[in-house]
Structures are given as C-alpha cells and as structure tokens.
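Below is one structure, written out as structure tokens; comments come after it.
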C-alpha cells in the first residue's frame, strides 16, 4: 500500500483542495497522512472529523507591510523554519511516505524543503506561483497548475465531492428556507472579509427586501451582526454543499477554490477580489479567469454598486464549468510516478 502525505493549512484555499483528493486517493488504496500547522487549526479539526492521521509542524506566515506587527512577526520566520525543517526531516524518516503532495502556503514549506528523494508534487491554484511552490519547483518538485497559462502540468482545482449533487429542495427544507425565497449567499473566505462584511451590514435592509441573506462573515475581526428572519449570519460553515445548493446567487471573494467550486456547481456568482497589497494580487488574476467562464466581478473601489451588481448577476446566466475530473487527473499523475508493484490498485484510473 502506498502512503501519501498531504500538506497545507492556514486557510481553506490550502486545505479543501487537499481534502477533496482523499476519496480518489482511498479508491487507489493510499494510506493518507496529513501534515499541517500546530494548535487547534482548521486542518486539524477537519482531519479529526474525517479520521485522517494528523501531524503538525511549527510554521509562521509572512505578513506583508512594514508595520511593527509585520516586522516583529517576520523576524521569527528563519528561526521557526530551521526548527520545522529539522522536525520535518525526522517526520519523513519516521513515516516513510511514497509521495508528498503540497498545496502551497507557509504551512507546506517545511516538508517542501525537507522532502529529499521522496517524490514531491506542488499544486498551485493561482496564476503565479506562491513562495512555497517556487521553492518546491527549485527543489525538483513537479508543479501542477489550475490556470492553463501557468507553467507546469495543467489539472485544475480539486473540488470536494460533498458540495456536489446536493438536492436544493431538501437543503431548503433542512435550513427552513421557503422555496419561494430568493437566496443570496455571501462568502468572505474561511477568515472572513471586512470590506464585504461592512458593505453587507450597510445595505442589509435593502438586501433583505429582495433576498434571504446567508452571510459567512468569518471568525476574525470585530464584526458583530444581528440575526433576523431574512438575514442569517454565521462565523463559519461546515455545510457548504447545502448553502451552495439553496443559493440563487453567490457573492464571494475570488480565491481560487471559491472560483472553482462555484464554476463546478454552475452558480450565478459575483466576485470581489482582494486588491493587490492586501494580497500578492492572485485574486485579481482569479477574477479575470472567472469572467471568462461567466462569473461577474466587482472591485472594492466599486462597492457603492454592490446591490445593483448582485441584482444584475441574478438576472444573467450562471457560470460554466472550468475543469473536468481534476481529482482523478491528479491521482493518476501521482500513481504514474510511483507505479511499481501494487502501490496503486487501478493503473488505468
């Protein structure tokens, strides 16, 4: 039986694509181990729910900017990285994986650096490689891409099975939403989005005249919403399949995973990308790709048009599918790389 380490964490964009691969990996007989961040992290909680073996390594996220907070954080990175690299080497020696699959981001960096002769695959969701994947490429990792313009092997973004095929009417009954209501789902990402939260709060009376608003506002920040019959705020949701199913239109950040999921579900979607400076600009690239497949885009400088753009998005056709069988393609690539003996059950996949 082949053993694979999945690594990545910090945000849903680095976690959910990894978890999306698990059913296809299990089908091929892989033993799956997840390596993520320390503490009560999202990846740790999700792996516990799924019964996936979990190990942690210390990691520090790079904070952009020249503020005292950013500088005091970033000065720790070399010291933590040395420690995590050493622990990563020991972990690899103990686990003896046949392959390492890294989803990018600061949590995956220790194993990217420590992988040695173990085959390494680095999946990039955005147009340009993030730092961990740039390093992965430099240490002979194979780059798998989600954008056909990115150098590497184009595969798309893995999408979770549990968000696909959810019955809309059943989900509406479960969530106590009338079949006659038009539903707006607002998703700021697993960490929320202050600009979106504030805009929704400002326009909530107007929005709830037209929509039942389901609002995932994130656990961070000081946003304290008040629930009403037609406004249902929640800091986090573990039933995204149901929320997607009941929604008639979705307002979302333009993270690569969100764009891929909404495309796979063929939803009517309005994306508000993070501006450059707040991020490395990847969401602006994702938004351009989303537009090619029927998504609509509203920039933060245009937020005064928010309600109009939501209404416009509802009136237009939904997104088209961007990818096909990404999960199967990735697992086939992994199997082909270690196709000796009986490591993978189904060589044809």
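The values are calculated or read from the model by the stated rules, or taken from the named source; none is laboratory data. Remember, predicted model here, so these are calculated numbers, not experimental data. So basically every Cβ, Gly included, is an ideal-geometry build from the backbone, and we count neighbours across all protein chains shown.
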Practice problem: Kindly list, by first and then second residue, each pair from a residue in region 165-189 that is assigned to a helix (DSSP H, G or I) to a residue that is surrounded by fewer than 18 Cβ atoms within 10 Å (Cβ to Cβ), limited to pairs with Cβ atoms under 7 Å and residues at least 6 apart or on different chains. | Solution: 169/179; 172/179
Quiz prompt | Close pairs from region 296-323: first in contact (Cβ under 8 Å) with a residue 24 or more places away in the chain, partner part of a loop (DSSP other than H, G, I, E, B) and exposed (fewer than 15 other Cβ atoms within 10 Å of the Cβ), Cβ under 7 Å, at least 6 apart | solution = 300/275; 318/266; 319/266; 320/266; 321/266
Exercise. Return a yes/no flag: does region 216-231 have any residue that is surrounded by 20 or more Cβ atoms within 10 Å (Cβ to Cβ), in a strand (DSSP E or B), touching a strand residue (DSSP E or B) at 6+ places or on another chain (Cβ under 8 Å) and touching a residue at least 60 places away in the same chain (Cβ under 8 Å).
Key: no
Exercise. Evaluate region 223-234: report whether one residue or more is closer than 24 Å to residue 41 by Cβ and under 16 Å from the mean Cα position of the chain (by Cα).
Key: no
Quiz prompt | Residue under evaluation residue 145, criteria (1) over 22 Å from residue 29 (Cα atoms); (2) in contact with a helix residue (DSSP H, G or I) (Cβ under 9 Å, 6 or more places away or on another chain); (3) buried (at least 19 other Cβ atoms within 10 Å of the Cβ), criterion not met | solution = (2)
Quiz item: Out of curiosity, is residue 268 at pLDDT 95 or above and over 22 Å from residue 160 (Cβ atoms)?
Solution: no
Practice problem: Go through (1) closer than 29 Å to residue 209 by Cβ; (2) modelled with pLDDT under 95; (3) surrounded by fewer than 17 Cβ atoms within 10 Å (Cβ to Cβ) and name the single condition residue 280 misses. | Solution: (1)
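Residue-wise test of (1) within 20 Å of residue 201 (Cβ to Cβ); (2) assigned to a loop (DSSP other than H, G, I, E, B); (3) in the same structural domain as residue 26 (by TED's automatic domain parsing).
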residue: 261; (1), (2), (3): no, no, no
residue: 274; (1), (2), (3): yes, yes, no
residue: 302; (1), (2), (3): yes, no, no
residue: 307; (1), (2), (3): yes, no, no
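With region 1-52 as the region, which helices (runs of 4 or more DSSP H) entirely inside it contain at least 3 residues that are more than 15 Å from the chain's Cα centre (by Cα)?
Answer list for region 1-52: 22-27, 42-50.
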Self-check item: Residue, surrounded by the most Cβ atoms within 10 Å (Cβ to Cβ), within region 297-313, restricted to residues that are touching a helix residue (DSSP H, G or I) at 6+ places or on another chain (Cβ under 6 Å) and farther than 30 Å from residue 132 by Cα
Solution: 306
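Results for (1) in contact (Cβ under 8 Å) with a residue 12 or more places away in the chain; (2) in the same structural domain as residue 84 (by TED's automatic domain parsing); (3) over 26 Å from residue 288 (Cα atoms), shown as yes or no for each residue.
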{"site": "107", "(1), (2), (3)": "yes, yes, yes"}
{"site": "112", "(1), (2), (3)": "yes, yes, yes"}
{"site": "115", "(1), (2), (3)": "yes, yes, yes"}
{"site": "127", "(1), (2), (3)": "yes, yes, no"}
{"site": "134", "(1), (2), (3)": "no, yes, no"}
{"site": "143", "(1), (2), (3)": "yes, yes, no"}
{"site": "147", "(1), (2), (3)": "yes, yes, no"}
Exercise. Name the one entry in 245, 254, 287 that is assigned to a helix (DSSP H, G or I), within 23 Å of the chain's Cα centre (by Cα), touching a residue at least 24 places away in the same chain (Cβ under 8 Å) and surrounded by 23 or more Cβ atoms within 10 Å (Cβ to Cβ).
Key: 245
